[in-house]
Amino acid sequence: MSTIAYSPNDLLIDNRIYTWSPMASGDTGAPIGSTGSGDRTVQVQGTFGVGGTVVIEGSLDNVNWFTLRDPTGASLSFTSAGLKTVLENVVELRPRVTGGDGTTQITVIMAVRRSVNG
């Protein structure tokens with residue numbers, strides 16, 4: 001149960017990619033700020049193991065965290081590899097692995113659109 005640091009990468013002039021890897025059962029990703037960003041997409045991949053689940057959480061105060069939703073209203077919860085868009089506009093975002101076993105090794109990648117000045 002560790003806090004996994006992210007590595008940022010600017011792919012295009014208006015997008016930043018954050019990667020948390022590897023994440024194991026019980027790990028939480030270090031939060032990223034998303035102030036001023038409108039578009040966020042998350043990709044989850046890797047070995048989920050038995051019961052492996054990744055949730056994408058958001059917060060306005062960096063204290064109280066809630067599972068975010070996609071544009072259809074479904075929770076951003078992954079039990080297998082996938083790609084989803086984040087609906088809510090929050091100040092902080094993070095991934096959290098809520099289940100799994102000793103084989104769980106997951107990579108979470110988030111694309112955040114940012115202003116050219118940001």
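Which of (1) aliphatic (A, V, I, L, M); (2) touching a residue at least 24 places away in the same chain (Cβ under 8 Å); (3) farther than 13 Å from Arg96 by Cα is the odd one out, the single condition Ala24 does not satisfy?
Looking at each condition in turn, Ala24 falls short on (3).
I'd like to check something: does region 60-75 contain any residue that is of a type in the set (A, V, I, L, M, F, W, C), outside any strand (DSSP E or B), within 21 Å of Asn15 (Cα to Cα) and out of contact with any helix residue (DSSP H, G or I) (no Cβ under 9 Å at 6 or more places or on another chain)?
Yes, region 60-75 has at least one match.
Can you pull out the residues in region 16-66 that are over 17 Å from Thr85 (Cβ atoms), at pLDDT below 95 and within 12 Å of the chain's Cα centre (by Cα)?
Gly33 - this is the single residue of region 16-66 that is over 17 Å from Thr85 (Cβ atoms), at pLDDT below 95 and within 12 Å of the chain's Cα centre (by Cα).
Please go through region 78-118 and pick out each residue that is over 14 Å from Pro31 (Cα atoms), basic (Lys, Arg) and at pLDDT 95 or above.
Scanning region 78-118 gives a single hit, Lys84.
Mind checking which residues of region 6-15 are under 21 Å from Gly82 (Cα atoms) and either in a loop (DSSP other than H, G, I, E, B) or not small (Gly, Ala, Ser) (or both)?
Tyr6, Pro8, Asn9, Leu11, Asn15
For region 60-80, how many residues are surrounded by 14 or more Cβ atoms within 10 Å (Cβ to Cβ), in contact (Cβ under 8 Å) with a residue 24 or more places away in the chain and either in contact with a Leu (Cβ under 8 Å, 6 or more places away or on another chain) or not hydroxyl-bearing (Ser, Thr, Tyr) (or both)?
The qualifying residues number 4.
In region 80-95, what residues are under 13 Å from Asp70 (Cβ atoms) and part of a loop (DSSP other than H, G, I, E, B)?
The answer is Val86, Leu87, Glu88.
Confirm whether Asp10 is touching a residue at least 12 places away in the same chain (Cβ under 8 Å) and of a type in the set (Asp, Glu).
no
Take region 89-118 and flag every residue that is surrounded by 14 or more Cβ atoms within 10 Å (Cβ to Cβ) and of a type in the set (D, E, K, R).
Glu92, Arg94, Arg96, Arg113, Arg114
The values are calculated or read from the model by the stated rules, or taken from the named source; none is laboratory data. Everything numeric here is computed off the predicted structure, so don't read it as measured data. In this analysis, Cβ positions are derived from the backbone assuming ideal geometry, glycine residues included, and neighbour counts consider all displayed protein chains.
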